[in-house]
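A short write-up of the structure that comes next.
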Amino acid sequence: MNWSILFFALMMLLLLRVLRLKIRANSAHSESFKRLPPKDQLAVLKECLLNNPSESNLKNLSDFAERTSRTIDTDSYRPFIKSQLEVFKHKDAIAEDNELYIAEALWMDKIRPIEFEEAESFKLENDIPKYIERSLEGIARLYSDEAILDTLAKLAPDYPYANELAESYKQLMQTRDESTADDKALEKLRKQKESWENDLLNVKN
């Protein structure tokens with residue numbers, strides 16, 4: 001696996017996710033941020049922390065958890081912040097940073113998107129179409145391959161197309177892992193990722 005390509009590709013895809021959120025605010029204390037629904041606030045805070053592991057971003061997430069009565073073990077993220085500082089001192093920083101990103105993504109996915117809570121409420125009400133819709137929206141806000149594939153597998157009994165989504169995501173993973181360093185390859189990866197996300201959010205009847 002070409003770690004440098006994977007790292008840069010992941011960073012590109014993260015930037016695209018930020019743009020998709022259509023958030024102009026740079027601060028969790030801005031008025032535009034405060035007007036967002038809690039599920040979008042959580043998504044932005046996680047995005048900011050993953051892109052920039054810092055005490056200030058971690059505190060913003062901690063404050064959100066306290067404000068919304070959620071349990072988030074923010075202390076367990078601090079080793080990632082320390083590791084990020086150490087990585088920059090090493091010669092093989094890109095490969096190490098990629099490994100760190102993967103670990104951070106797994107940690108982040110333990111904080112389940114609020115969309116999944118909404119999905120479960122709809123399922124209890126036997127509103128399966130809404131359950132599927134919210135579940136897919138939640139999957140779009142996951143980061144790790146493991147979490148995405150596991151959640152698609154759990155959704156498949158109610159939404160068989162989830163199996164096809166899982167297969168196309170595996171193809172995306174293969175493209176990502178085999179990508180070269182040129183702009184053409186990264187653009188192809190970006191388009192494939194965007195196409196997959198559009199397919200994910202376009203519920204099939």
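A few points about this structure:
- Residue 99 accessible area, assembled protein chains, probe 1.4 Å, Å²: 100 Å²
- Euclidean distance of C-alpha centroids, the stretch 133-205 and the stretch 29-63, integer Å: 24 Å
- Taking 25 Å as the straight-line reach from the Cα of residue 46, the lysines in range (excluding those fewer than 8 positions away in the same chain) are 22, 34, 59, 82, 110, 130, 154, 170, 191, 193.
- Site pair residue 106 and residue 195 shows an inter-label distance of 3.1 nm when each label is modelled 7 Å from Cα along Cα→Cβ.
- When 110, 39 are compared by accessible surface with a 1.4 Å probe, the order from highest to lowest is 110, 39.
The values are calculated or read from the model by the stated rules, or taken from the named source; none is laboratory data. Just so it is clear, the structure is predicted and the values come from calculations on it, not from any experiment. Quick reminder, even Gly has a Cβ in these numbers, built from the backbone with ideal geometry, and neighbours come from all protein chains shown. Protein only, heavy atoms only, side chains kept; ligands, DNA and RNA dropped before computing areas. Shrake-Rupley method; radii C 1.70, N 1.55, O 1.52, S 1.80 Å.
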